[in-house]
Amino acid sequence: MTILVTGGAGFIGANFVLDWLAASSESVVNLDKLTYAGNLETLGSLQNNAHHVFVQGDIGDRALVDKLLQTHQPRAVLNFAAESHVDRSIHGPGEFIETNIMGTFRLLEAVRGYWGALHDSPKAAFRFLHVSTDEVYGSLAQKDPAFTETHRYEPNSPYSASKAASDHLVRAWHHTYGLPVLTTNCSNNYGPYHFPEKLIPLMIVNALAGKPLPVYGDGMQVRDWLYVKDHCSAIRRVLEAGRLGETYNVGGWNEKPNIEIVQTVCRLLDELRPQVDGTNYSQQITYVTDRPGHDRRYAIDARKLEQELGWKPAETFESGIRKTVEWYLANPQWVRNVQSGAYREWVQKQYAGAELVP
Ligand code: NAD
Ligand code: DAU
């Protein structure tokens with residue numbers, strides 16, 4: 001048995017592949033374009049693992065995907081591949097439309113062709129699992145209830161609009177063609193191998209480098225944080241037992257304002273890697289210009305997944321963030337290696353004037 005994972009060299013996809021192969025002997029074909037966010041070093045421990053087949057390529061390359069499906073005959077396709085960074089989508093939405101919408105469309109078409117030709121039993125067992133985000137639901141006011149699966153779609157950024165479009169395509173391929181799909185909409189992840197353009201790893205990396213910690217606007221935007229390995233266990237559970245055509249929200253019931261996240265990271269670093277002059281890392285916090293169209297609050301109601309499929313996160317925010325900070329302290333080489341020329345250019349463009357370039 002084999003599964004095909006797309007985007008398995010990125011943050012969540014790689015954590016998923018590592019966890020999957022640690023627990024199972026079912027092979028993984030890993031299709032990843034290796035954009036700036038894809039990193040084979042993350043998968044280094046799988047180099048001699050015969051159950052992992054890595055293929056560099058685009059989910060939108062129909063001929064390649066057709067060939068992979070025919071050759072490996074997967075029982076499921078899990079689509080993690082995407083352009084994922086909101087700030088990048090504001091600077092340049094084109095790639096987001098190309099991969100998240102057109103790429104998902106082309107992938108769905110390839111999978112539909114493959115699935116349609118399967119015999120009864122593998123056809124009935126086949127699944128297409130689409131990994132999506134809570135950002136498709138838009139922004140909540142302070143006292144609004146958390147997003148349920150029936151909350152209307154109100155995406156506000158080019159990123160979330162492109163993910164919303166991909167969710168709609170997946171839904172339509174189920175309703176129109178009967179493709180056996182599952183969709184997960186998850187809140188903000190954090191944990192090992194997180195690219196340091198996102199809030200938590202950026203704060204850890206900048207704090208250690210003595211750089212400013214750039215907090216957008218008033219820092220009171222709320223996100224709902226989930227340790228990445230809990231997201232991976234939720235995806236495994238939905239793949240195993242999710243009802244066809246359903247969407248499942250995934251979240252950790254950990255709503256926190258950004259400034260609190262940054263202060264927590266600083267406190268942990270003060271404890272685990274105190275500065276020689278005794279100053280606190282929080283002194284590096286710098287308020288910067290807000291993100292255009294910045295969503296104020298996300299919150300996930302994960303009761304459907306808990307009640308129907310019995311899933312619960314294993315980590316609290318306190319245990320997960322400690323593990324995360326410890327991981328970054330133990331893996332400075334991984335961080336140095338992702339801070340390539342392209343990374344430096346991005347930081348310069350996004351935080352111009354804030355002296356953040358490493
Ligand atoms: P990421 O940016 O770290 O990784 C994306 C991966 O996809 C990279 O390895 C990249 O090389 C690959 N990729 C990009 N375009 C591709 C293409 N056209 N063909 C093949 N591969 C391509 O993203 P992530 O944070 O790991 O997110 C994974 C998925 O989870 C995305 O779909 C994202 O929308 C979703 N999601 C992320 C979060 C989060 O907090 N990071 C939360 C909820 C949902
Ligand atoms: O909610 C799920 C989404 O979470 C995923 O779909 C996205 O792929 C993922 O990138 C993430 O999006 P966010 O925009 O919420 O994550 P980011 O880490 O970029 O920002 C988290 C919050 O921190 C957000 O309110 C913006 C703020 N922020 C971010 C950066 C990079 C800052 O204040 N300063 C920063 O330098």
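Just so it is clear, none of the values below were taken in a lab; they were calculated from the coordinates. Small disclaimer: the values here were computed from a predicted structure and weren't measured. Reconstructed Cβ throughout: ideal geometry from the backbone, glycine too, with neighbour counts over all protein chains shown.
For this structure, a couple of remarks:
- Charge sum, other residues only, whose C-beta stays under 14 Å from residue 132's C-beta, Lys/Arg counted +1 and Asp/Glu -1: -4
- Farthest toward the positive end of the dipole of region 56-110, out of 73, 59, 84, is the Cα of 73, where the dipole comes from beta carbon charges about the Cα centre.
- Acute angle (nearest 10 degrees) that the helix 158-177 long axis makes with the longest principal axis of the chain, alpha-carbon atoms: 20
- For residue 127, nonlocal amide neighbours, meaning residues 5 or more places apart or on other chains whose placed amide H falls under 5 Å from its own, are 76, 77.
- Between the alpha-carbon centres of region 118-156 and region 282-352 there is a gap of 21 Å.
- Mean-square fluctuations from a GNM of the chain, with a 10 angstrom spring cutoff on Cα atoms, peak among 110, 165, 22 at 22.
- Each Lys or Arg adds one and each Asp or Glu takes one away; over the other residues whose Cβ falls under 13 Å from the Cβ of residue 162, this sums to -3.
- Peptides 257-267, 191-201, 84-94 ranked from most to least packed, by the mean per-residue count of other Cβ atoms within 10 Å: 191-201, 257-267, 84-94.
- When the convex hull of its Cα atoms is viewed from all sides, the chain shows a mean projected area of 17.1 nm².
- Converting phi to 3J(HN,Hα) with the Karplus coefficients 6.51, -1.76 and 1.60 and the offset θ = phi - 60°, region 341-348 yields x, 5, 5, 5, 4, 4, 4, 5 Hz in sequence order, with x at every glycine or proline.
- The calculated FRET efficiency for the pair residue 243 and residue 316, based on their C-beta separation and a Förster distance of 30 Å, comes to about 0.55.
- Non-local Lys pairs in the chain, i.e. 8 or more apart or on different chains, that have alpha carbons under 24 Å apart: 29
- Local electrostatic count, residue 256, Cβ distance below 9 Å [Lys/Arg +1, Asp/Glu -1]: -2
- Among 64-77, 277-290, 2-15, the peptide with the highest mean count of other Cβ atoms within 10 Å heads the list, and the full ranking is 2-15, 64-77, 277-290.
- Fluctuation leader among 233, 319, 121 - the chain, Gaussian network, Cα springs under 10 angstrom: 121
- Vicinal HN-Hα couplings computed from phi for region 279-285 (Karplus, 6.51 cos²θ - 1.76 cosθ + 1.60; Hz; Gly/Pro x): 6, 8, 4, 4, 5, 8, 4
- Taking every DSSP helix (H) stretch of at least 4 residues in the chain, weighting each as -39,500 (n - 2.57) and dividing the sum by the residue count yields a mean residue ellipticity at 222 nm of -12500 deg cm²/dmol.
- More than 18 Å apart - percent of Cα-Cα pairs taken over region 116-221: 65
- Within the listed set 81, 37, 241, the residue fluctuating most in the Gaussian network model of the chain (springs between alpha-carbon atoms under 10 angstrom) is 241.
- Counting 0.36 nm for each residue step from residue 120 to residue 41 and taking away their Cα separation leaves a gain of 24.5 nm.
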